1. Among the residues of the range 54-86, which ones are touching a Lys or Arg at 6+ places or on another chain (Cβ under 8 Å), among the small types (Gly, Ala, Ser) and buried (at least 18 other Cβ atoms within 10 Å of the Cβ)?
2. Given the residues 313, 320, which is the only one that is among the polar types (S, T, N, Q), assigned by TED's automatic domain parsing to the domain that holds residue 258 and under 19 Å from residue 278 (Cα atoms)?
3. Restricting the first residue to the range 67-80 and requiring it to be in contact (Cβ under 8 Å) with a residue 12 or more places away in the chain and within 20 Å of residue 41 (Cα to Cα), which pairs with a second residue that is surrounded by fewer than 24 Cβ atoms within 10 Å (Cβ to Cβ) and hydroxyl-bearing (Ser, Thr, Tyr) meet a Cβ separation below 6 Å and a spacing of at least six or different chains?
4. Residue 77 is checked against (1) assigned to a loop (DSSP other than H, G, I, E, B); (2) out of contact with any strand residue (DSSP E or B) (no Cβ under 6 Å at 6 or more places or on another chain) and fails just one. What number does that condition carry?
5. Which count do you get for residues in the range 94-107 that are surrounded by fewer than 21 Cβ atoms within 10 Å (Cβ to Cβ), β-branched (Val, Ile, Thr) and outside any helix (DSSP H, G or I)?
6. Within the set of pairs 6 or more residues apart or between chains, which connect a residue that is of a type in the set (S, T, N, Q) inside the range 438-466 to a residue that is at pLDDT 95 or above and surrounded by fewer than 20 Cβ atoms within 10 Å (Cβ to Cβ) with Cβ atoms less than 7 Å apart?
7. If I ask for residues that are among the aliphatic types (A, V, I, L, M), modelled with pLDDT of 95 or more and in a loop (DSSP other than H, G, I, E, B), which ones from the range 378-399 would you list?
8. Out of everything in the range 193-242 that is surrounded by 15 or more Cβ atoms within 10 Å (Cβ to Cβ) and of a type in the set (Asp, Glu), what residue ends up being farthest from residue 412 (Cα to Cα)?
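The values are calculated or read from the model by the stated rules, or taken from the named source; none is laboratory data. What you see is a predicted model; the values in this text were computed from it and never measured. A quick note on method: Cβ atoms are made from the backbone with ideal geometry, for glycine too, and the neighbour counts reach across all protein chains shown.
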Amino acid sequence: MENISVFDMLKIGVGPSSSHTLGPWKAAERWISELQEADIFDKVERIKVDLYGSLSLTGKGHYTDIATVLGLNGDDPRTIPTDNINNIIDNIRVEKKIYFGDKRELKFDVENDIIFNREFLKYHPNGMKFTAFYGGLEIETYFYSIGGGFVIKENEEISTHSKSLPFPIDKAKELLKYCKVTGKSISEIVMENELSWQTKQEVDIAALKIWAVMQDCVYIGCHTVGILPGGLNVRRRASIIYKSLIGDSKYSSRDEWMQTIKDKGSDNQDIFSWISLFALAVNEVNASLGRVVTSPTNGSSGVIPAVLMYYLTGVNKDATSDDIVKFLLVAGEIGSIFKKGATISAAMGGCQAEIGVSSAMAAAALTELKGGTPEQATEAAEIAMEHHLGLTCDPIGGLVQIPCIERNTMGAIKAITASQLAMSTDPFEAKVTLDEVVKTMFDTAKDMHSKYKETSEGGLAINVPVSLPAC
């Protein structure tokens, strides 16, 4: 059984992709740590990186090469000034050297030392190989970016926490059993597990930090105009929609901004415009190498913030920080159930594994905050995923823009609808359980043709002609 924390599912990083950007970044960091532990790091004379399969086919559009370089350079995705990324990369390209692991200078040619290989490795579509050269030796290490920023080696189990949990959970039926026996809500069960690793104060602080980054994404997206990078010339729409909704309202702080949205939202009948705005804002930030929260992936990072913003500004304007923490705890646990029982990698399961999972996470969390039972919450998650089954991943030009950004709006709205449906019916009469839909999603993923799994070799990616500038 894998011990996965909520904060493994909800991670702060840099866009546009958790599997193709954050994953390779973290793989580079882990490789450096392993070199240091083996007393090889200081001996390394040259390094090379090979990208395989989906990491290669959509690597340029997902900035996989840039993320890998930043990881090798010792930059931290949680703290790096995102506005300075292009300058850092430009300097490395010109000087042809990196500050290896933030410890020592090492010659590195971005154009020649990162190799894109179209072939797929057998273990996972997102494979990469790091090679260290020293003393006439070549040491090769393989990593696989399996979605959501998780990185493993072949046949390695994800278990970032060694302590046993009071409520070990792999499946939804186990979660519901604990809720029934203890009388606790889902968020209370999840909190008990998190307390195995840190104090309640630390959990609250970590969760609210996650929310602060999400909220920043919405704010930045609402106030940024222009064209998204990458060459598709996609115009940012969040700021346009935002201005049409907010009018001439003035504010001087984030708190005043939130209050303005609450005030305006109560007067506006088109709630779908607000929900779509929140999701678009986040994913436009993600598409431009901005800082986002992997939830459970970067490509689906707009769904959970959009639904939580909907709750805070429309459903319960008196909500507290405790409500935010509960929402994120429930969302994270539902995400981990999908992670353990299926996949959250679009390269393995298509977009159902990203938008579908994020929609299920948000639906369950919203249901608990609205007073739903644990059974209704898991039923909401089931409904949300059921209506994303089979969703392909076919990004045009390999960029996390079309159709990715708009899909977050659809995922958010489906999550809200799923919650409403679950709360208006008896969950004990439901014909499909969450565990059954998790299995079905994974079965569908295994049957799906590889060209629809984040390769840009099928769907919109080949039927919409584009001409992108050379990378």
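1. 54, 56, 71 - these are the residues of the range 54-86 that are touching a Lys or Arg at 6+ places or on another chain (Cβ under 8 Å), among the small types (Gly, Ala, Ser) and buried (at least 18 other Cβ atoms within 10 Å of the Cβ).
2. Details: 320 fails: under 19 Å from residue 278 (Cα atoms).
Unique residue meeting the criteria: 313.
3. 73/99; 74/99
4. All conditions are met except number (2).
5. 0
6. The qualifying pairs are 440/389; 444/389; 444/390.
7. The answer is 389, 391.
8. Among those residues, the one meeting the criterion is 194.
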